[in-house]
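A.B. asks: Okay, handing you the structure first.
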Amino acid sequence: MTPTIQIVGLGSGGEDQLTLGVLKLVEQIPLRYVRTSQHPAVRDLQKRGIDFESFDGLYERHDSFEQVYEAIADTLIEAALRLPGQIVLYAVPGHPSVAERTVVLLRERAERSNVALRLAGGESFLDQAFLRLGFDPVEGFQLLDAANLGREHIRPRLHTVITQIYDVFTASDVKLALMQVYPDDYPVVVGQALGVPGEERVQTIPLYELDRLSDYGNMTLVYVRADADERLRRRSFERLHEIVGILRSPQGCPWDREQTHQSIRKNFIEETYEAIEAIDNDDPDGMKEEFGDVMLQVLLHSQMEEEAGVFDIYDVLAELNDKLIFRHPHVFGDARAKDAGEALQNWERLKAEEKRRKGVQERTSVLDGIPKDLPALPRASKLQKKAAAVGFDWPDLQGVFDKIAEELAELRQAAEEESVERRREELGDLLFAVANAARFMEIDPEEALAYTNRKFVERFAYIESRLRMSGRNFDETDLLEMEAWWQEAKQRSKNGS
């Protein structure tokens, strides 16, 4: 006889909720296990003289529910293999195929072990939830596991039932996840032992009190009603996509409808620089706003392509997800990267491989691939890195300093000439050489210059403040006095004042 495990569902209440078929199986099969004895049907059956071997002790011996469930599955498979001529009965709360992790594990392991599985359904706790909480799942419904609940799972437009809330710690995690979408005082329903006479409790509480209850257990659930209030979707990406679509629709904004990729190209650039300024200013509120403005530009351009039937924002996300996973095999695969440098090398190698797979035309120059509209200083730095990668580089930093001195001398000579073109050329050569020095010293020249710009603004502002304090303007001072104030500002910044 093939080793067999018979799984039965005990329903969500006492023996009155057992199906006749399940009751017969329980009576006929003497080798009985139950995931937990803390269930009304188990207590009722024990009064009839029907006993089970419970796995309750495993909950105390393991650190996580997943370890408990794996131990249960292993024990049942071993029992079936040890007693191939005898059916092993395994009873679970509710229905075997609804929110029962041990059954999932048994399905996976039974096939590998040549153990047959049979299932007999019982009334699910969901049947009682629909009945006692008074909602119709056809309106839109989702069942979520408290152990794996995240912001991305929560959809306010659907009736939501959250299970596996065994203790106050899990309840606290559920509360924090829900608070990312709902107000702190939003009403939620806590149901305990639904449909069990004398034990059923249903109470509505504000969300912030969810982890202040003390009677969580195996038969606890949390219910959040469906709500069409758009304010609950204000933190969702789907809502943003919907708003941009409305703005571009015939019923939307006339200005937004008229825009094209080219007409708002400059907006993309401006918003990006404003976001960079917020970063440089270490301004969290500014970053929050400016990152949103950059995201809006991405959504608008993607919406234009969606209207043309080419791609939509979700295709953009899919492309990005695939790229990040493919280019990080040391995170999502078996490859290794001992440091950031090696990780970057992997990225560049896989980037080239990715383009070959897509049939992107091979570049004719090692300097290809740098955006032509990139600001000149970071573009110079990238050009030098690509040239250096194939050996076109100074042997050391001293050679770069010598080049800077050479270019400075040529600029001095050009400054005495009348040719603007010559002066521009020599100034560019000097800046290019300085950018090369930054590369050797592993300094981003754009960041270095941005830092100096901020420093200049702060020190010049100090000069202006001293003038205001003295009731004067720039016409009433001179360079000597301003230089003295500049040195004061410089000293103050060094002292941290």
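A.B. asks: With Cβ to Cβ distances under 12 Å as the rule, what net charge do the other residues near Phe326 carry (K, R +1; D, E -1)?
C.D. replies: Residues near Phe326 contribute +3 overall.
A.B. asks: Taking amide H atoms as placed 1.01 Å from N in the peptide plane, list the residues 5 or more away in sequence, or in a different chain, whose amide H sits under 5 Å from that of Ala91.
C.D. replies: Under 5 Å from the amide H of Ala91 lie the amide H atoms of Val8, Tyr33, Val34, Arg35, each far enough along the sequence or on another chain.
A.B. asks: Evaluate the Debye formula for segment 311-434 with equal point scatterers sitting on the alpha carbons, no solvent, and hand back log10 of I(q)/I(0) at q = 0.10, 0.20 Å⁻¹, in q order, two decimals.
C.D. replies: Rounded to two decimals, the profile gives -0.53, -1.24.
A.B. asks: Compactness ratio of segment 448-495: Cα Rg over 2.2 N^0.38 Å, N = residue count?
C.D. replies: 1.18
A.B. asks: Segment 1-70: which trypsin sites (Lys or Arg not before Pro) are DSSP loop and have at most 16 other beta-carbon atoms within 10 angstrom?
C.D. replies: Details: sites: Lys24, Arg32, Arg35, Arg43, Lys47, Arg48, Arg61; in loops: Arg35, Arg48.
Of the trypsin sites (Lys or Arg not before Pro), the ones in loops of segment 1-70 whose Cβ has at most 16 other Cβ atoms within 10 Å are Arg48.
A.B. asks: Which longest uninterrupted range of the chain lacks any chymotrypsin sites (Phe, Trp or Tyr not before Pro) assigned by DSSP to a loop state (not H, G, I, E or B) and surrounded by at most 14 other Cβ atoms within 10 Å? Please list the in-between numbers first.
C.D. replies: On the way: sites that count: Phe311, Phe392.
The reported range is 1-310.
A.B. asks: Starting from 0.36 nm per residue, how many nanometres of slack lie between Asn267 and Asp16 once their C-alpha separation is accounted for?
C.D. replies: 83.6 nm
A.B. asks: Taking 10 °C and 1.306 mPa s as the conditions, I'd like the Stokes-Einstein D for segment 254-315 in µm²/s, using the Kirkwood hydrodynamic radius from alpha carbon pairs.
C.D. replies: Reported coefficient: 127 µm²/s.
A.B. asks: Can you compute the FRET efficiency between Glu139 and Glu417 using 1/(1 + (r/R0)^6), with r the Cβ-Cβ distance and R0 = 60 Å? Round to the nearest 0.05.
C.D. replies: The value I calculate is 0.15.
A.B. asks: Which whole-Hz ³J(HN,Hα) couplings does segment 176-181 yield from phi under the Karplus relation 6.51 cos²θ - 1.76 cosθ + 1.60, θ = phi - 60°, glycine and proline marked x?
C.D. replies: 5, 5, 5, 5, 6, 10
A.B. asks: Let me have the relative contact order for the chain, percent, based on Cα pairs under 8 Å that are six or more residues apart.
C.D. replies: With pairs under 8 Å counted, the relative contact order is 9 percent.
A.B. asks: Next up: Given a Förster distance of 22 Å, report the FRET efficiency between Glu152 and Ile325 from their Cβ-Cβ distance, rounded to the nearest 0.05.
C.D. replies: Once the sixth-power term is evaluated, E becomes 0.80.
A.B. asks: Search the structure for amide H atoms under 5 Å from the amide H of Leu144, placed 1.01 Å from N in the peptide plane, and list their residues when 5 or more places away or on another chain.
C.D. replies: For Leu144, the qualifying residues are Val161, Ile162, Thr163.
A.B. asks: Hey, what's the Cα Rg ratio for the chain versus the globular rule of thumb, 2.2 N^0.38 Å?
C.D. replies: Working: Rg = 34.4 Å, N = 497, 2.2 N^0.38 = 23.3 Å.
In units of the 2.2 N^0.38 Å rule of thumb, it is 1.48.
A.B. asks: Further question: Taking a point 7 angstrom from the Cα of Glu458 along the C-beta vector, which residues in segment 272-287 have backbone N less than 17 Å away?
C.D. replies: Flagged as within label range: 277-284.
A.B. asks: In whole Hz, with x marking every Gly and Pro, tabulate ³J(HN,Hα) for segment 461-466 from phi via Karplus 6.51 cos²θ - 1.76 cosθ + 1.60, θ = phi - 60°.
C.D. replies: Ordered by residue, 3J(HN,Hα) equals 4, 5, 4, 5, 5, 5 Hz.
A.B. asks: Just the number: Rg to Rh for segment 127-230, Cα atoms, Kirkwood Rh, two decimals.
C.D. replies: For segment 127-230, the value is 0.93.
A.B. asks: Per 0.36 nm of contour for each residue apart, how much would the distance between Val310 and Leu367 grow if the chain were fully extended, relative to their Cα-Cα spacing? If you can, show how the numbers build up before the last one.
C.D. replies: On the way: separation 57, 0.36 × 57 = 20.52 nm, distance 3.04 nm.
Answer, rounded to one decimal: 17.5 nm.
A.B. asks: State the three equivalent ellipsoid semi-axes of segment 192-323, derived from the C-alpha gyration tensor as the square roots of 5 times its eigenvalues, in descending order and whole Å. Provide the component values of the computation, followed by the final result.
C.D. replies: On the way: eigenvalues 376, 84, 42 Å².
They are 43, 20, 14 Å, listed largest first.
A.B. asks: Compute the projected area of the convex hull of the Cα atoms of segment 156-196, averaged over all viewing directions, and report it in nm² to one decimal place.
C.D. replies: Computed as one quarter of the Cα hull surface, the answer is 3.6 nm².
A.B. asks: If you don't mind, another one. Please give the contour-minus-distance gain from Val294 to Gln38: 0.36 nm per residue of separation, less the Cα-Cα distance, rounded to one decimal in nm. Could the numbers behind the result be given before it?
C.D. replies: On the way: separation 256, 0.36 × 256 = 92.16 nm, distance 5.38 nm.
Value of the extension gain: 86.8 nm.
A.B. asks: How big is the C-alpha Rg of segment 376-443 next to the rule-of-thumb value 2.2 N^0.38 Å, as a ratio?
C.D. replies: In units of the globular-protein estimate, segment 376-443 measures up at 1.16.
A.B. asks: Right, next: Estimate the FRET efficiency between Arg82 and Arg234 by the formula 1/(1 + (r/R0)^6), using the beta-carbon distance for r and 51 Å for R0, to the nearest 0.05.
C.D. replies: It comes to 0.35.
Read the figures in this text as sums done on the coordinates, not as results from a lab. Computed from a prediction, not measured in an experiment: that's the story for all the values here. All Cβ positions, even for glycine, are placed from backbone atoms using ideal geometry, and neighbour counts span all protein chains on display.
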